[in-house]
Amino acid sequence: MSLDPALVQRLATGLIERDRWSRARLLAHQSQALAHTLQHAAANSPYYRETIGPLIARQAPLDELPILTKGKLMAEFDHIVTDDRLRLGDIERHLASPQAADLLLSQYRACATGGTSGERAIIVYDQPAWEVAAASYIRFLRAAGVMAKTRFIGIGSPSPFHISNRMFTELREGRPATPRLSVTTPLPEIVATLNAFLPEALITYPSFIRRLVEEQAEGRLRIAPRLMGSVAETLQPDIRELVQLTWGIGVFNGFGTTETGTRGLECEHLTGIHLPEDLIVYEVVDEANRKVAPGATGSKILITSLTNKVLPLIRYELSDMVSLADGVCRCGRPYARIASIEGRREEVLELPARGGGHVKVHAGRLRSPLVRIPGIRQFQVAQHPFGLNIRISAREDAPRDEILASVRQEIRSALLQTGADVPDIRVQLVESIERVGTGAKEKLVTREA
């Protein structure tokens, strides 16, 4: 069951009006919505009644409330939800059934995180929260230039319970000619479909944008989009450069989570991802859960959803490592912006350091030099007890011996700059690197015993 497109458009119109709010008005709205959210959770959720009830009674500030991890969410799920008919076991069976895309108990939508962080979460949305999530997505698409009549297509997960699949399904309502594609659809079929549809705006994973660039360069893909958007994976500078060289356009970066449904997106200035602070409270913090200043990279994000009454998420921990931009955007919108996304905490490698001890290196530091080696299609870093195994997938016509030599040289050079001393570095050429989890994403880091 899909949403009513007319209703979602009306909600989107109301959200777009908030783009003209002052920063002070936005924060006043957020503060009031947060107070209502905390009171609702303490009154209707057995878990929150016990954990934050006394704190809410004395009006404790948000940063004094306990943090909710993904593991805690799953362990206490039946006590966190505010509808006692919802049980985690029943929801998991629903998601595993052919009816996974149908409403649960005739009123709730169930989704699951991709599990690429090593831990899977189950999320349920009530109807108003799902409607607002879709409307907010439309709001930020408008900011990027995607209008009601724009030929727009989203290519995400094939799974009916992943957020990219569900939200792209909602956005197809009112656009009956829009094809259904996923990142696991056979590439020749995707190319033929896009050539027939000729999208003006396309949103997909950065790893898949790379494949589309390759198809365009080979002459098989023949499209001329005026807008390109990135979701679900970390957008690297080389993808922006490839898109600029191929189509002469920029890439709108996005940030969103299955847990909140809604998503932020860059505006036409491409100077940071506008966050929907009217719907979510974001805290970018360090390892000790202290807020970091704009420009500094946090070790995690704590989110508090202000819309989903059936599953309150208060100071829910995400492992994304981001930095916030300082000041307001030139577009005048009042929202805070993500300036950069380094990746996830699970992608940090702890490696032997020169002179003893260990040094922490985000795997993105190793990926950056690899993307500039001609012929490389995919890459993955596997950490094992004695060192690193770099998996590479190359184009069929690429000089493989040269690629292997270049990869070894670039990895050793990158590690040298970080102060790491890794004695065993292996480079392995593979046919392809499979997409994993319900999101069908490319996983940057794996661990080997």
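Values as computed for the structure displayed
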{"item": "Among GLY419, GLY272, GLY364: highest mean-square fluctuation, GNM of the chain, C-alpha pairs under 10 Å", "result": "GLY419"}
{"item": "Segment 1-344: relative contact order in percent, alpha carbon pairs under 8 Å with at least 6 residues between", "result": "19"}
{"item": "Segment 201-263, dipole about Cα centre (Lys/Arg Cβ +1, Asp/Glu Cβ -1), debye to the nearest 20", "result": "220"}
{"item": "Local net charge near GLN39, Cβ-Cβ under 14 Å (Lys/Arg +1, Asp/Glu -1)", "result": "+3"}
{"item": "Highest-fluctuation residue, ILE338, ILE433, ILE209 considered, GNM on the chain with Cα pairs under 10 Å", "result": "ILE433"}
{"item": "Cα gyration tensor of segment 298-449 - equivalent ellipsoid semi-axes, whole Å, descending", "result": "33, 19, 17"}
{"item": "Cα-centre dipole for the chain with unit charges at Cβ (Lys and Arg positive, Asp and Glu negative), debye to 20", "result": "700"}
{"item": "Ranking of PHE197, PHE386 by count of other Cβ atoms within 10 Å, fewest first", "result": "PHE386, PHE197"}
{"item": "In degrees, nearest ten, helix 5-17 long axis to first principal axis of the chain (Cα)", "result": "90"}
{"item": "Cross-link partners of LYS309 among aspartates and glutamates (Cα-Cα below 18 Å; sequence separation of 8 or more within a chain)", "result": "GLU50, GLU76, ASP78, ASP83, ASP84, ASP126, GLU131, GLU259, GLU277, ASP278"}
{"item": "DSSP beta bridges in the chain [antiparallel fraction, %, rounded to 5]", "result": "65"}
{"item": "Exposure proxy ranking, count of Cβ atoms within 10 Å, fewest first, for HIS79, HIS358", "result": "HIS358, HIS79"}
{"item": "Net charge of Cβ neighbours under 13 Å - reference ILE303; Lys, Arg +1; Asp, Glu -1", "result": "-1"}
{"item": "The chain: calculated mean residue ellipticity at 222 nm from DSSP helix runs of at least 4, using -39500 (n - 2.57)", "result": "-10000 deg cm²/dmol"}
{"item": "Neighbourhood net charge (15 Å Cβ-Cβ; Lys/Arg +1, Asp/Glu -1) for GLY250", "result": "-2"}
{"item": "Charge-dipole axis of the chain as Lys and Arg at +1 and Asp and Glu at -1 on Cβ define it, positive-most pick from SER230, HIS94, GLN378", "result": "SER230"}
{"item": "Residue pairs, from the table LYS291/LYS443; LYS360/LYS443; LYS300/LYS443; LYS72/LYS300, whose Cα atoms sit over 22 Å apart", "result": "LYS291/LYS443"}
{"item": "³J(HN,Hα) computed for each position of segment 411-425 - Karplus, 6.51 cos²θ - 1.76 cosθ + 1.60, integer Hz, glycine/proline x", "result": "5, 5, 5, 5, 5, 4, 5, 8, x, 7, 10, 9, x, 10, 10"}
{"item": "For segment 1-344, diffusion coefficient by Stokes-Einstein and Kirkwood Rh (Cα), 20 °C, 1.002 mPa s, µm²/s", "result": "103"}
{"item": "5 angstrom amide H check on ARG426, placed H, neighbours 5+ away", "result": "LEU388, ASN389, ILE390"}
{"item": "Table column - 3J(HN,Hα) (Hz), segment 207-223, Karplus curve with 6.51, -1.76, 1.60, x for Gly and Pro", "result": "5, 7, 4, 4, 5, 5, 4, 4, 5, 5, 5, 7, x, 7, 8, 9, 10"}
{"item": "Taking THR113, THR271 and counting other C-beta atoms within 10 Å, the order from fewest to most", "result": "THR271, THR113"}
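Here, each number is a calculation from the coordinates, and none is a lab measurement. As the structure is a prediction and not an experimental result, all values here were calculated from the model. Heads up, the Cβs are rebuilt from the backbone with ideal geometry, glycines too, and the neighbour counts pull from every protein chain shown.
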